[in-house]
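The values are calculated or read from the model by the stated rules, or taken from the named source; none is laboratory data. The structure presented is a predicted model; accordingly, all values stated were derived computationally and were not measured. For neighbour counting, all protein chains shown are included, and Cβ atoms are generated from backbone atoms with ideal geometry for every residue, glycine included.
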Amino acid sequence: MSIQRSLFACPVLALLAWGAWFAPQWRDSSPQTGLSALQDAPPDPEPDPTGALILVADGAIPAEALIEALAMTGKQGPVVAINRTAEEVIDADAMRAWNELGVIDLLPIDPDTPELAKEHIARADLIWLSDTEDPDAYFKLWRADLVPSIAARRDAGAVVGGAGRFAEVMCVIYLGDAPDPAPLVRGASRRGRGMALWSNAVVEASFGTAGALEHLMTVLLDRPRITAVGLGPGASIVVTEDLRVITGHAWIFNPKGADVTVAEPGELQSVRDLKLSVMRAGESADISAR
């Protein structure tokens, strides 16, 4: 990971190093891993609950994002539940790093023990989900019936954070396979059903990589009432009643007032007067009315 200071000089960096073994793998997932299994039409959007969301781009997790997530809990000694096994959670270096950040208890969310995972989610002030080596990790949460528990805990005010692919699946829909037969063609977007923690947005956590803009715009043109968000390298945002950038840059495409062509399925689409905001750390945007 690209951090310029010694990992051992700061407990936050030691924590980030512990999480860095899990390189993002989901971008190239095939249908056999479950990527196409949840591409049904998503449910109608519902009002977002009050718990804050922290979304982090692919790659190394900025220390500022973790610190912000813990601060948003409002607790002096927050309980954190993370999508790791019990064996990974009791790793001495990881536990020490979280403890030095003020975390009093670190609990695993392991789909292989769903009832215990639900208990841990119910206790958590912060639920932290980040990429693992398993490309099927998100779908395992669904199959273990843990997503409703996470949503219910957020309804109760817990903070939910996600990095990489887990940042994308927090929305009602998420980006699936590459557009087929081609980008910007009506009906070409491949999307899956997300956790619906953010009802009116779609997120690209690898914005700036080849094809990311076309992929995001294809989904936006197929569903022109949602806000499209691109997270650049090193970016992280917090979403409450508004969107605030913690680190890096976020690209916000607001379709309100835009003129989208009415194309037949299989035809190229276009859009005019689409509002774009490129926001840096510390800047905010009101997203409540979109």
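Does Asp145 satisfy being in contact with a Pro (Cβ under 6 Å, 6 or more places away or on another chain) and more than 26 Å from Pro224 (Cα to Cα)? Considered against the rule, which asks whether it is in contact with a Pro (Cβ under 6 Å, 6 or more places away or on another chain) and more than 26 Å from Pro224 (Cα to Cα), Asp145 comes out as no.
Here Thr209, Thr261, Thr247 are screened, and the one residue that is in contact with a Gly (Cβ under 7 Å, 6 or more places away or on another chain) and more than 15 Å from Ala285 (Cβ to Cβ) is Thr247.
For region 201-212, does any single residue satisfy the condition of being part of a helix (DSSP H, G or I) and either within 18 Å of Tyr174 (Cβ to Cβ) or out of contact with any strand residue (DSSP E or B) (no Cβ under 9 Å at 6 or more places or on another chain) (or both)? Yes, because at least one residue in region 201-212 is part of a helix (DSSP H, G or I) and either within 18 Å of Tyr174 (Cβ to Cβ) or out of contact with any strand residue (DSSP E or B) (no Cβ under 9 Å at 6 or more places or on another chain) (or both).
Scanning region 233-263 for residues that are assigned to a strand (DSSP E or B) and among the β-branched types (Val, Ile, Thr), we see that the one that is farthest from Met72 (Cα to Cα) is Val260.
If the condition is being over 20 Å from the mean Cα position of the chain (by Cα), outside any loop (DSSP other than H, G, I, E, B) and hydrophobic (A, V, I, L, M, F, W, C), then region 264-279 contributes Leu268, Val271, Leu276.
For the residues Gly187, Gly230, Gly192, the requirement of being more than 20 Å from Ala250 (Cβ to Cβ) and part of a strand (DSSP E or B) singles out Gly192.
Residue-wise test of (1) without any contact (Cβ under 8 Å) to a residue 40 or more places away in the chain; (2) among the aliphatic types (A, V, I, L, M); (3) touching a Leu at 6+ places or on another chain (Cβ under 8 Å); (4) over 20 Å from Asp131 (Cα atoms).
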| position | (1), (2), (3), (4) |
| --- | --- |
| Leu184 | no, yes, yes, yes |
| Arg191 | no, no, yes, no |
| Ser199 | no, no, no, yes |
| Val219 | no, yes, yes, yes |
| Ser236 | no, no, yes, no |
| Val239 | no, yes, yes, no |
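Scanning region 245-258 for any residue that is buried (at least 20 other Cβ atoms within 10 Å of the Cβ) and modelled with pLDDT under 95 turns up at least one such residue.
Here Arg165 meets each of (1) under 15 Å from Ala52 (Cβ atoms); (2) charged (D, E, K, R); (3) under 15 Å from the mean Cα position of the chain (by Cα) with one exception, condition (1). In region 229-243, the count of residues that are over 16 Å from Ala167 (Cβ atoms) and in contact with a strand residue (DSSP E or B) (Cβ under 9 Å, 6 or more places away or on another chain) is one or more. Here Gly282 clears all of (1) in a loop (DSSP other than H, G, I, E, B); (2) of a type outside the set (Lys, Arg); (3) surrounded by 18 or more Cβ atoms within 10 Å (Cβ to Cβ); (4) out of contact with any Pro (no Cβ under 8 Å at 6 or more places or on another chain) except the condition numbered (3).
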